[in-house]
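The values are calculated or read from the model by the stated rules, or taken from the named source; none is laboratory data. Treat the numbers as computed from the prediction; the structure is a model and nothing was measured. Positions of Cβ are backbone-derived with ideal geometry, glycine not excepted, and every protein chain shown enters the neighbour counts. Areas reflect the complete protein model, heavy atoms only, side chains present, ligands, DNA and RNA absent. Shrake-Rupley method; radii C 1.70, N 1.55, O 1.52, S 1.80 Å.
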Amino acid sequence: MIEAVLIVLAYLIGSIPTAVWISKYFFEIDIRDYGSGNAGATNTFRVLGSRWGTIVMIVDVLKGIIATSLYIVVAFYTTDTHSDDRTKLMVGLGLAAVIGHIFPIWAGFRGGKGVATLLGMILAIQPAVAGCCLLVFLSVLYLTRFVSLSSILAGIAFAVLILFIFDDNVTLYRIFSVLVALMVILTHQKNINRLINGTESKVPILKYRDRRRERRRR
């Protein structure tokens with residue numbers, strides 16, 4: 001029973017619509033009416049700029065960490081002898097938070113794509129894997145300035161890391177890693193089409209670097 005309550009609470013935490021509340025409170029707009037229409041960090045970067053995009057990303061990552069860490073209120077899951085059960089519960093809590101971010105009850109069930117919250121979840125479960133995924137994300141972002149491509153490759157990297165490198169022995173977690181990769185790809189279908197067509201927007205991060213490179217080519 002307590003697990004069900006924690007999962008509901010994790011969903012409510014994940015449902016906190018950071019981008020929507022910030023855009024409405026500070027700019028008197030709904031972020032979902034602009035850019036890609038998503039209520040996530042990527043669209044916030046595009047519409048409101050790097051400062052607010054960074055704030056939204058940090059808060060959304062924290063949502064995943066806090067929701068996934070709710071297991072600590074149950075003593076059973078805090079012992080090393082029940083580590084597999086703890087991992088299973090953490091996966092359930094994290095997944096609830098990600099679903100909450102995508103379908104937030106506080107914002108008419110229209111949210112973002114859940115990548116930042118998913119990163120927070122992985123940070124809580126397996127920091128080393130999260131660090132590797134973050135490295136992939138930041139490297140691709142630095143090279144391309146495409147958040148969508150960075151997210152897709154980081155999601156695929158997560159599955160590869162769990163299945164072949166860290167070789168996690170919790171079956172549910174292994175299945176989840178594959179589902180995450182598929183989910184990230186499916187939720188970025190429009191972005192993939194825009195990437196193929198050359199119409200995907202770049203975030204304003206490092207734009208001055210790219211302008212300098214363009215001037216050098218000329």
(request) Kindly indicate the residue of region 25-47 that is among the acidic types (Asp, Glu) and part of a loop (DSSP other than H, G, I, E, B) and also nearest to Ala116 (Cα to Cα) among those meeting that condition. (result) Asp30
(request) Go through the residues of region 105-117 one by one and say whether even a single one is among the aromatic types (Phe, Trp, Tyr), part of a helix (DSSP H, G or I) and surrounded by fewer than 20 Cβ atoms within 10 Å (Cβ to Cβ). (result) yes
(message) Tally up the residues in region 1-30 that are among the acidic types (Asp, Glu) and open to solvent by 50 Å² or more (accessible area, probe 1.4 Å), please.
(response) 2
(message) Out of Ile22, Ile65, Ile16, I need the residue that is at negative phi and not in a helix (DSSP H, G or I). Which one?
(response) Ile16
(request) Evaluate the following for Gly53: is it under 15 Å from Gln126 (Cβ atoms), surrounded by 20 or more Cβ atoms within 10 Å (Cβ to Cβ) and in contact with a Ser or Thr (Cβ under 6 Å, 6 or more places away or on another chain)? (result) no
(request) Six or more apart or on different chains, Cβ under 7 Å: which pairs go from a residue in region 23-48 that's more than 19 Å from Asn191 (Cβ to Cβ) and polar (S, T, N, Q) to one that's outside any helix (DSSP H, G or I) and modelled with pLDDT of 95 or more? Could you list them? (result) Ser23/Ile29; Ser23/Asp30
(request) Please work out if Phe76 is open to solvent by 40 Å² or more (accessible area, probe 1.4 Å), in contact with an Asp or Glu (Cβ under 9 Å, 6 or more places away or on another chain) and farther than 19 Å from Phe158 by Cβ. (result) yes
(message) From the list Leu93, Leu123, Leu89, exactly one residue is within 18 Å of the chain's Cα centre (by Cα), touching a residue at least 12 places away in the same chain (Cβ under 8 Å) and open to solvent by less than 30 Å² (accessible area, probe 1.4 Å). Which is it?
(response) Leu93
(request) Name, by its number, the condition in (1) touching a helix residue (DSSP H, G or I) at 6+ places or on another chain (Cβ under 6 Å); (2) closer than 21 Å to Leu186 by Cα; (3) open to solvent by less than 20 Å² (accessible area, probe 1.4 Å) that does not hold for Val129. (result) (2)
(request) Examine region 169-181 for a residue that is within 27 Å of Thr42 (Cα to Cα), touching a Lys or Arg at 6+ places or on another chain (Cβ under 7 Å) and open to solvent by 80 Å² or more (accessible area, probe 1.4 Å), and state whether such a residue exists. (result) no
(request) Kindly list the number of the only condition in (1) small (Gly, Ala, Ser); (2) closer than 25 Å to Phe176 by Cβ; (3) loosely packed, with under 14 Cβ neighbours inside 10 Å that fails for Gly64. (result) (3)
(message) So if I check each of Tyr173, Tyr142, which one is touching a Ser or Thr at 6+ places or on another chain (Cβ under 7 Å) and at pLDDT below 95?
(response) Tyr173
